[in-house]
Amino acid sequence: MKIDLTDTTSSKINKALVQGRRAIGTPAVGMVLTLVLVTDEENQYDALKAANEASREHPSRKLVVVKRVSRSPRDRAKARLDAEVRVGADAGTGETVVLRLYGEVMDHAQSVVLPLLLPDAPVVVWWPVSAPVNPAKDALGKLAQRRVTDTYAAENPVAELSARADAYTPGDTDLAWTRITPWRSMVAAALDQVACDVTSVEVEGEEHNPSCELLAMWLADRLHVPVKRSVSKGPGLTAVRMETSCGPIKLDRADGSLATLSIQGQPDRAVALKRRETSELIAEELRRLDPDDTYASALRFGVDRLSDMTDSSSKSAGDSGTARSKPASAATPAAMPKKAESK
């Protein structure tokens, strides 16, 4: 069921939600959180589709905030709020309200969203694109227990990681980090099978892919060994190679779906390591609403300490045209543990 409201208010939207629930015969509210999506008109369809699919696991009220820039100065000076209320089959599991803001009300989105939040339920704000530099200080971000961004959508994803590290506040997270959860699990599981010290690591993947940088920073932060960042054609992350005192350990994924795990002295094993949809990433983030300390530690390690990725016009005279890398950690204290932590 869909209810369209033009030039409306938050009070009228709440009344429309109650009306819609009664019309479809479900007056009770069985939702566990409010998910606020802050996006533009171009990306709102894909973002809402992902949120609807994730709501099968996490029934929620989804508030889609779309800021519409008017063409003429006169229209830009006029504040207006249009809304589309969806309940039942049109809203996935839960309810959906698409809010289109015009004029001066765009600068006060929090005043529109606040009356629509579910009472006594957590709030998660997700910016699929154009996330603020400091989500915790954003007007909508202040309403949330968890703030989800995606550096992959930034114009300069790798540089964006530095800005995220400087502005990090407990509760911040990044879908670029969520994408590497299966990789982190596989690497930790591989190291649990051997009683060896890791001496160096190489992470290979697409250039300008923040997930590759985050995985490299996580490994450098946890293992305290030099980490080299290499560039490949992708898709996404393609390999993690570790040199250990017992021989090399390799996790290679060339096709974005199936990976091969190779451990010295053991037969090679095929591992399902497919690239996941956005809905799966959002569903994973909604499973936990507490601060992610592991992400914070990896992010604060510093992307500037990772490899210098250079193209074929390398500054060094003897460069053959491949990407050069330098260690993420210049020196490794002998007493530091070199076993991966699987948490």
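The values are calculated or read from the model by the stated rules, or taken from the named source; none is laboratory data. Just so it is clear, the model here is predicted, and its values are computed rather than measured. Every residue, glycine as well, gets a Cβ built from its backbone with ideal geometry; the counts of neighbours run over all protein chains shown. Only protein heavy atoms, including side chains, enter the accessible area calculation; ligands, DNA and RNA are left aside. Shrake-Rupley method; radii C 1.70, N 1.55, O 1.52, S 1.80 Å.
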Any residue in segment 142-156 that is in contact with a strand residue (DSSP E or B) (Cβ under 7 Å, 6 or more places away or on another chain), among the charged types (D, E, K, R) and open to solvent by 20 Å² or more (accessible area, probe 1.4 Å)? yes
Single match in Ala139, Ala131 (criterion: within 15 Å of the chain's Cα centre (by Cα) and aliphatic (A, V, I, L, M)): Ala131
Residue satisfying all of: in segment 9-59; surrounded by fewer than 18 Cβ atoms within 10 Å (Cβ to Cβ) and polar (S, T, N, Q); nearest to Ala153 (Cα to Cα) among these: Asn43
Among the residues of segment 30-77, count how many are of a type in the set (A, V, I, L, M), at pLDDT 90 or above and under 17 Å from Arg288 (Cα atoms). 5
If you check Val129, Val125, which single one turns out to be open to solvent by 10 Å² or more (accessible area, probe 1.4 Å), of a type in the set (Val, Ile, Thr) and in contact (Cβ under 8 Å) with a residue 60 or more places away in the chain? Val129
Mind checking which residues of segment 288-305 are surrounded by 13 or more Cβ atoms within 10 Å (Cβ to Cβ), out of contact with any Asp or Glu (no Cβ under 6 Å at 6 or more places or on another chain) and farther than 23 Å from Gln193 by Cα? Leu289, Pro291, Asp292, Tyr295, Ala296, Leu299, Arg300, Gly302, Arg305
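So, of the residues in segment 267-288 that are in a loop (DSSP other than H, G, I, E, B) and under 14 Å from the mean Cα position of the chain (by Cα), which turns out to be nearest to Asn52 (Cα to Cα)?
Selected residue: Glu277.
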Count of residues meeting criterion [assigned to a strand (DSSP E or B), more than 19 Å from Ala195 (Cα to Cα) and within 24 Å of the chain's Cα centre (by Cα)] in segment 249-265: 3
Of all residues in segment 185-227, which are open to solvent by 20 Å² or more (accessible area, probe 1.4 Å) and more than 18 Å from Leu273 (Cβ to Cβ)? Val194, Ala195, Asp197, Thr199, Ser200, Glu207, His208, Asp221, Arg222, His224, Pro226
Could you tell me how many of the residues in segment 187-210 are touching a Cys at 6+ places or on another chain (Cβ under 8 Å) and in contact (Cβ under 8 Å) with a residue 40 or more places away in the chain? 3
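Yes/no per residue for (1) on the phi < 0 side of the Ramachandran plot; (2) in contact with a Ser or Thr (Cβ under 7 Å, 6 or more places away or on another chain); (3) surrounded by fewer than 20 Cβ atoms within 10 Å (Cβ to Cβ); (4) free of Cβ contacts under 8 Å to residues at least 40 places away in the same chain:
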{"residue": "Arg229", "(1), (2), (3), (4)": "yes, yes, no, no"}
{"residue": "Pro235", "(1), (2), (3), (4)": "yes, no, yes, no"}
{"residue": "Cys246", "(1), (2), (3), (4)": "yes, no, yes, no"}
{"residue": "Leu251", "(1), (2), (3), (4)": "yes, no, no, no"}
{"residue": "Gly256", "(1), (2), (3), (4)": "no, no, yes, yes"}
{"residue": "Pro267", "(1), (2), (3), (4)": "yes, no, yes, yes"}
{"residue": "Ala272", "(1), (2), (3), (4)": "yes, no, yes, yes"}
{"residue": "Ala283", "(1), (2), (3), (4)": "yes, no, no, no"}
{"residue": "Leu286", "(1), (2), (3), (4)": "yes, no, no, no"}
Looking at segment 314-323, can you tell me whether even one residue there is closer than 24 Å to Arg164 by Cβ and modelled with pLDDT of 50 or more? no
Pairs returned, first residue in segment 211-224 that is farther than 15 Å from Thr151 by Cβ, second residue that is small (Gly, Ala, Ser) and crowded, with 24+ Cβ neighbours inside 10 Å, beta-carbon separation under 7 angstrom, 6 or more apart or interchain, are Ala220/Ala328; Asp221/Ala298
